[in-house]
1. By the gyration tensor of its Cα atoms, with a ≥ b ≥ c the square roots of the eigenvalues, what is the shape of segment 1-91: rounded for a/c under 1.5, prolate for a/b over b/c, or oblate?
2. Helix check for the chain. Which DSSP H runs span at least 18 Å along their own axis by Cα, with a mean Kyte-Doolittle hydropathy no less than -0.5?
3. For a quick check of understanding: with a 1.4 angstrom probe and all protein chains in place, what accessible area in square angstrom does Leu84 have, to the nearest ten?
4. With a/c under 1.5 counting as rounded, go ahead and sort the chain into rounded, prolate or oblate using the C-alpha gyration tensor (a ≥ b ≥ c being the square roots of the eigenvalues; past the cut-off, prolate if a/b is larger than b/c, else oblate).
5. Under unit Cβ charges (Lys, Arg +1; Asp, Glu -1), what dipole magnitude, rounded to 20 debye, does segment 1-86 have relative to its Cα centre?
6. Does segment 74-121 come out rounded, prolate or oblate, given a ≥ b ≥ c as the square roots of the eigenvalues of its C-alpha gyration tensor, rounded meaning a/c under 1.5 and, failing that, prolate meaning a/b above b/c?
7. Report the one residue of Thr157, Ala20, Ser131 whose Cα lies farthest in the direction of the positive end of the charge dipole of the chain (charges on C-beta: Lys and Arg +1, Asp and Glu -1; origin at the Cα centre).
8. Gap in Å between the Cα centre of segment 59-92 and the Cα centre of segment 2-41?
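The values are calculated or read from the model by the stated rules, or taken from the named source; none is laboratory data. Note that the structure is predicted; figures quoted are calculated from it, not measured. Note that each Cβ is placed from the backbone with ideal geometry, even for glycine, and that neighbours are counted across all protein chains shown. We work out accessible area using only protein heavy atoms, side chains counted, and drop any ligands, DNA or RNA first. Shrake-Rupley method; radii C 1.70, N 1.55, O 1.52, S 1.80 Å.
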Amino acid sequence: MDVLDLLNSRPLVNGEEQDALGDPAAGRRWAREHGGDGSVAELELLREARDLLRDVVRGDRTPVVLRPLLDGVRQIPEVSAGGLRWEVETPPHARLAVEAVLDWAALEKDLPGRLRACANDECQLFLIDRSRANRARWCSMAACGNREKVRRHYQRTH
């Protein structure tokens, strides 16, 4: 599970929030597309994980709030000719939420500070800054970045 997919499952479209996990049918479809079963328990946990991860990434809460999502989770090493792989052992309904938290942790380790909220106040999306300078600000240069540039140009000229 890609943490960015989960964080960006509640975008603003024309100023209105679209929650991919809010509607039961849409939530089931979203979960199944990401390898889950779409159960009520899974969707509830995914919404909770999304909200907690959003707050952690924005710096509103510390990562300690993620601990309950990992209660009872174990990682078991599997060694094969291809190398070492870690298998996550968790209840089926919690697997996607746990994978999102583990993905967030891996990003924080490998690319610290690169997962961030879009700088556009009218956007709820997140981005992973893969630029060399670590200066990316917008989820999309074509959308949010362009809007910000147009807004600044308008303020300068009017």
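1. Prolate shape, in that a/c is at least 1.5 and a/b is the bigger ratio.
2. Working: long enough: 40-58 (27 Å, -0.02); 95-110 (22 Å, 0.23).
Long hydrophobic helices here: 40-58, 95-110.
3. 110 Å²
4. Details: a/c = 2.38, a/b = 1.59, b/c = 1.49.
Note, shape of the chain comes out prolate.
5. Working: 12 positive and 16 negative charges, 55 e Å.
Dipole about the Cα centre, nearest 20: 260 debye.
6. oblate
7. Most positive-ward Cα: Thr157.
8. Here the two parts' Cα centres lie 22 Å apart.
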